[in-house]
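A.B. asks: Following this message is one structure expressed as structure tokens.
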Amino acid sequence: MNVVLSSGRLTADPRISNSGDLMIARYSLALDRPVKKDAPEGTRTADFPNYVVFGKGAEFAEKYLRKGMKIIVQGHLQTSVYQKDDGTNIYSTDVIVERQEFADGKRAEDGQGTAATAPAPAPQQYAQQAPQQYGQYAQPAPQQRPAPQNATPAWMNIPPDAEDNVPFA
């Protein structure tokens, strides 16, 4: 199975190019590595994989993604090889993006977060602005219902004689 799920911050604005009628966006994310137990306080390490997105996803990246924004990306790995003029093979491993979403909260939307330049709209606002234009990228976030106050969860309503009626106890 070839599936990549990443969450990180954009290291720069996406680089946009065109191949015929197809738009291509390339960017890299800073992905934090887990900190080792014996590492000195404040030590952080990161990886910087490359991502490639095509078509409508590239248009979305060009319009809304900016350096410093935190995003979530789903895709798959692809390794490419090409030969330089001197005959040396150059290998490249990229994540081909299938889905990308905003991960910053309300603070980044208000301009108080770490997003550089203009902050992107929240997914709900984006879905209202262009619901048909970008397909899966325009899906609103699911709404959560508040939990009822002082309600006992159903799994806690256990009859007092339940242990007496269990055949394997």
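Bear in mind that the values in this text are calculations on the coordinates, not laboratory data. Here the structure is a predicted model, which is why all the values come from computation and not from measurement. Note that each Cβ is placed from the backbone with ideal geometry, even for glycine, and that neighbours are counted across all protein chains shown.
A.B. asks: Once you put a point 7 Å from the Cα of Asp47 and another 7 Å from the Cα of Lys84, both along the Cβ direction, what distance in nm separates them?
C.D. replies: Roughly 2.5 nm, to one decimal.
A.B. asks: If we count other beta carbons within 10 Å of each Cβ, what is the order of Phe102, Phe54, Phe48, Phe60, fewest first?
C.D. replies: Fewest to most other Cβ atoms nearby, the residues stand as Phe48, Phe54, Phe102, Phe60.
A.B. asks: If the cut-off is a Cα-Cα distance under 28 Å, which lysines reach Lys37, setting aside same-chain residues fewer than 8 apart in sequence?
C.D. replies: Correct list for Lys37: Lys70.
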